[in-house]
Amino acid sequence: MSDPRITSSIFTRGAVDLSALRSAAPNAAPAKSGPPAGAPGGAVGGVSVIDVTEATFQSEVLERSLTTPVIVDFWAEWCEPCKQLSPVLERLAVEGAGAWLLAKVDVDANPRIAQMFRVQGIPMVYAIVGGQPIDAFSGVVPEAQLRQWIQAVLKAGGVSVEAPEDPRLAEADDALMTGDLDAAERAYRKILAESPADAAAEAGLAQVGLARRVAGTDPQAALIAAQANPDDVDAQLLAADIEVLSGLAEQAYQRLVGLVRRTAGDDREKLRQHLVGLFTIAGPEDPAVASARRALASALF
């Protein structure tokens, strides 16, 4: 994993042949100023978010990326995880005020583009700089980690970005990025000792715990074990961790809330605490967290 702060990422740095997309169709339709009707998150005004097709891909993505980083969001109307990720991307694009462009590609309407980018699952997000993809991830990621990834893309594209407001957090994040979990934990705990309500430090510390729990695990074997032992609390906790790392946080929450309903005593409390830790990684603004918190409250009381 290139960046442990993006827990569900599958980074791809192989060559992507875009030659077939470099010539726009003769009657190319102009790009819209926002996603199509029914797209995740709805239409967004301005030029920070556009809907692109094969006909407009060269001008709106490849050519624009020569001067401005372009982030391509592969989505589909039927994709529920897309409806979690796309609105966050759209909001951050508008917030970026032109520092980067979000280009949305409906994979059902534009299968050729998806094929060129070797998209095997959605949501899938690519960063395009200088006419070429430089990084990518799949699945839904917490907003805090998404912001960090976008900042890295901007730096790679030569865009001047503001330095982090808190150098202590930058130090902790760097340790987490390089896989030095002990150093990351110390740094996050130091921040929390001085600022107990620091949400970014809390999320970072929770992510350190997640990284430690799944270290050395065979994901497929763990998921199979959980399926075979639906009432094994430890097996279900590990499976939920793996699902969060795979961009299936909502599925992980549902797994554990369902088990909370079937348990009592110490096991129930263990499950509750684990869920709270997973919620902390995503942050309170994540809609899946809000829904899961309500479900957990219902299961507990």
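No value in this document is a laboratory result; all are computed from the given coordinates. What you see is a predicted model, and the numbers here were worked out from it, not measured in a lab. Neighbour counts are summed over all protein chains in view; Cβ atoms, including those assigned to glycine, are modelled from backbone coordinates with ideal geometry.
Odds and ends about this structure:
- For region 78-224, convex hull of alpha carbons as volume per residue, Å³: 155 Å³
- Under 5 Å between amide hydrogens, built in the peptide plane, is the criterion, and for Ile71 it picks out Leu101, Leu102, Ala103, Ile128 among residues at least 5 positions away or on other chains.
- Loop-resident sites, region 212-285, for trypsin sites (Lys or Arg not before Pro), counting at most 14 other Cβ within 10 Å (DSSP): Arg262
- Gained length - Lys270 relative to Ser195, 0.36 nm times residue gap less alpha-carbon distance: 24.4 nm
- Extreme residue, positive dipole direction of region 110-242, given options Ala203, Gly158, Gln145 (C-beta unit charges): Gly158
- A cut-off of 5 Å between modelled amide H atoms, ignoring neighbours fewer than 5 places along the same chain, links Asp51 with Lys32, Gly34, Lys104.
- In region 128-205, the GluC sites (Glu not before Pro) that fall in loop regions by DSSP, at most 10 other Cβ within 10 Å: Glu162, Glu165
- Approximate shape of region 167-300 as ellipsoid semi-axes (Cα gyration tensor, √5λ), whole Å, largest first: 27, 18, 12
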